[in-house]
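Undergrad: Sharing a structure here in structure tokens format.
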Amino acid sequence: MKETVRAEAEVVHGDGLCIRDPGGDDRVIVATSDADHSPPADPDALDQMLAPVADALLVTAALRTGETVLDLGCGCGATAFAAGRAVGPDGSVIGVDVTPQMLDVARTRLASSGLSNVTFVEADAQTHAFVDVYDVTISRFGTMF
């Protein structure tokens, strides 16, 4: 039996809350160009896995009825929809993402959501010329880019 020796896990982003690289020769390295903007194979499973993060984000944001919300890196729309429900029909949410395939999923979900206060924009948040003023900006993981 071959013994596997692993080095101590390395913190990737500098604090104990971030993802840890387990090290080892058997890990998969994904090129940044392949990982940055790829759509999930199963958006529902991804949303379920990330639900605790989205829930914590929305609790911290403490959205109120009537607010205007910008969701950066909205992906397939889960946090934008939750924000849309939180701000109610007098509020609005703009979801921004750079990946058209994710926005296709978000727009399909929007059609059956019953929400009329959520819209999606395909744009790179780093370079997009935002002209509106927002009460709150949220981002589940879009800020990593």
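Just so you know, all these numbers are worked out from the coordinates, no wet-lab data involved. Keep in mind that what you see is a predicted model, and the values were worked out from it rather than measured. Positions of Cβ are generated from backbone atoms using ideal geometry, with glycine treated the same way; all protein chains shown enter the neighbour counts.
Undergrad: Using r as the Cβ-Cβ distance of GLN101 and THR137, and R0 as 30 Å, what FRET efficiency do you calculate, to the nearest 0.05?
TA: Values: r = 23 Å, r/R0 = 0.78.
FRET efficiency, GLN101 to THR137: 0.80.
Undergrad: Another question, then. Quick check: pseudo-label points 7 Å beyond the Cα along Cα→Cβ at GLN48 and SER112, how many nm apart are they?
TA: 1.5
Undergrad: I would also like to ask the following. Sorted from largest down, what three extents in whole angstroms do the Cα atoms of the range 48-102 have along their principal axes?
TA: Extents along the principal axes: 29, 23, 13 Å.
Undergrad: Can you tell me the order of 106-118, 49-61 when each peptide is scored by its average per-residue count of other Cβ atoms within 10 angstrom, highest first?
TA: Answer by packing, highest mean first, reads 106-118, 49-61.
Undergrad: So for the range 86-145, Kirkwood radius off the Cα pairs, Stokes-Einstein at 20 °C and 1.002 mPa s: how many µm² s⁻¹? Provide the component values of the computation, followed by the final result.
TA: Numbers: Rh = 12.7 Å.
Estimated diffusion coefficient is 169 µm²/s.
Undergrad: Which FRET efficiency value, to the nearest 0.05, is calculated for ALA129 and THR60 with the Förster distance at 25 angstrom and r the Cβ-Cβ distance?
TA: Here the calculated transfer efficiency is 0.35.
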